[in-house]
1. Within region 72-88, how many residues turn out to be under 22 Å from the mean Cα position of the chain (by Cα) and not in a strand (DSSP E or B)?
2. From the list D87, D125, D147, D140, which one is open to solvent by 70 Å² or more (accessible area, probe 1.4 Å) and more than 18 Å from A67 (Cα to Cα)?
3. If we scan region 92-100, do we find a residue that is polar (S, T, N, Q), within 16 Å of S160 (Cα to Cα) and open to solvent by less than 50 Å² (accessible area, probe 1.4 Å)?
4. Does T29 fit the bill of being part of a helix (DSSP H, G or I) and of a type in the set (V, I, T)?
5. Given the criterion surrounded by 10 or more Cβ atoms within 10 Å (Cβ to Cβ) and free of Cβ contacts under 8 Å to residues at least 60 places away in the same chain, identify the matching residue among L16, L1.
6. Residues of region 39-55 being open to solvent by 50 Å² or more (accessible area, probe 1.4 Å) and within 28 Å of Y136 (Cβ to Cβ), which ones?
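The values are calculated or read from the model by the stated rules, or taken from the named source; none is laboratory data. None of these values were measured; they are calculated from a predicted model. When we count neighbours, we look across all protein chains shown, and the Cβ atoms used for this are built from the backbone with ideal geometry, even at glycine. Please note that ligands, DNA and RNA were not included when accessible areas were found on the heavy atoms of the full protein model with its side chains. Shrake-Rupley method; radii C 1.70, N 1.55, O 1.52, S 1.80 Å.
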Amino acid sequence: LQQGRELKLSSEALLLQAAELKNSVEQQTHLVGVGREQIFAQSEAFRQAQRRYEQGMNARFIFTPGAYIVSSSQVTNSFEVSNVGADAFDVMLLSGVKEISFHKELDVIKAGQTVIIKIMFDLFDQDCLGTLYCFYKTRDGRKISFDMNLYLSAETHRISITPEVKVEDL
């Protein structure tokens with residue numbers, strides 16, 4: 001009878017230990033979940049800080065049309081390229097339109113600086129739409145590229161350079 005009581009007490013103690021172990025496992029699982037959430041939040045904060053840093057190091061170019069001259073066989077369009085972002089190094093602008101053979105390289109366009117670029121091409125009889133490829137390096141050495149729409153009007157012989165509109169931007 002006494003052994004039965006001791007066995008019963010021992011069984012109850014084991015059940016209590018099992019319940020305590022189960023609670024401990026649940027707490028550990030909860031702590032691991034909280035730790036994962038903290039790591040995810042810290043990683044996201046780091047990514048956002050890195051994006052802000054990179055955006056702060058990026059140049060931002062604005063293309064403004066200037067004067068243009070039409071001769072008997074050629075057209076010259078002038079553009080102001082203003083950098084309203086950070087300094088841009090090893091800048092290269094390249095035409096993706098076969099009617100315009102344009103390639104311009106600049107060592108640097110500093111923040112707040114405006115440069116004048118002249119684009120010369122032969123007269124043409126049809127409107128053309130293509131791409132102006134733009135490349136530069138940031139102060140921290142990252143290579144950046146972006147595209148602009150390059151439109152040539154056969155009627156006015158003017159070039160317009162506008163940001164490329166992407167479906168995801170709409």
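1. Result for region 72-88: 4.
2. D125
3. Yes, because at least one residue in region 92-100 is polar (S, T, N, Q), within 16 Å of S160 (Cα to Cα) and open to solvent by less than 50 Å² (accessible area, probe 1.4 Å).
4. yes
5. None of the other options fit; the residue is L16.
6. F46, R47, Q48, Q50, R51, R52, Y53, E54, Q55
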